[in-house]
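Below is one structure, written out as structure tokens; the observations come after it.
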Amino acid sequence: QVQVVESGGGLVQAGGSLGLSCAASGNIFRIVAMGWYRQAPGKQRELVASVNSGGGYNYADSVKGRFTISRDNAKNAVRLQMNSLKPEDTAVYYCYAYIYTTPQGNWNEYWGQGTQVTVSS
């Protein structure tokens, strides 16, 4: 069993900052990638930021220069620092992880429960 647990989020005024944390635990052999998606009401889920085991980073164009994802390999964790927040960043943010639970076979996808981020204008 693997669990992905998020923390952080909340309500902030436009221009403010928030941090989201996410940690994976359980039967983990190797993590391929971790990151964050978000989903606003009436919109499709979109990738916000990710980092893979090779150290590659990926950001949505809408958050480049404002959001930073960092990883802690020892803790199987990632953190999303969000600065200069805008009302359009309001969404439920979901952490995900692509994890091998055994040395062989394929990796599986695991998701957190989601955390609300609300940016007021």
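The values are calculated or read from the model by the stated rules, or taken from the named source; none is laboratory data. Computed from a prediction, not measured in an experiment: that's the story for all the values here. Every residue, glycine as well, gets a Cβ built from its backbone with ideal geometry; the counts of neighbours run over all protein chains shown. Only protein heavy atoms, including side chains, enter the accessible area calculation; ligands, DNA and RNA are left aside. Shrake-Rupley method; radii C 1.70, N 1.55, O 1.52, S 1.80 Å.
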Filter segment 92-114 down to residues that are outside any loop (DSSP other than H, G, I, E, B) and surrounded by fewer than 20 Cβ atoms within 10 Å (Cβ to Cβ), then give me how many there are. 6
Hits in segment 30-40 (condition: open to solvent by 30 Å² or more (accessible area, probe 1.4 Å) and under 21 Å from Gly19 (Cα atoms)): Tyr37, Gln39
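Would you confirm whether or not segment 67-85 contains a residue that is touching an Asp or Glu at 6+ places or on another chain (Cβ under 8 Å), small (Gly, Ala, Ser) and over 18 Å from Gly15 (Cα atoms)? Break it down stepwise before answering.
Initially, segment 67-85 is screened for residues touching an Asp or Glu at 6+ places or on another chain (Cβ under 8 Å), giving 78-79, 82.
From the residues that got through so far, the ones that are small (Gly, Ala, Ser) too are none.
No: segment 67-85 contains no residue that is touching an Asp or Glu at 6+ places or on another chain (Cβ under 8 Å), small (Gly, Ala, Ser) and over 18 Å from Gly15 (Cα atoms).
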Hey, can you tell me all the residues within segment 84-110 that are in contact (Cβ under 8 Å) with a residue 24 or more places away in the chain and within 15 Å of the chain's Cα centre (by Cα)? Asp89, Thr90, Ala91, Val92, Tyr93, Tyr94, Cys95, Tyr96, Ala97, Tyr98, Ile99, Tyr110
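I'm trying to understand the selection: among the residues of segment 72-83, which are in contact with a Phe, Trp or Tyr (Cβ under 9 Å, 6 or more places away or on another chain) and either over 14 Å from Ile31 (Cβ atoms) or open to solvent by 60 Å² or more (accessible area, probe 1.4 Å) (or both)?
Passing the criteria: Leu80, Gln81, Met82, Asn83.
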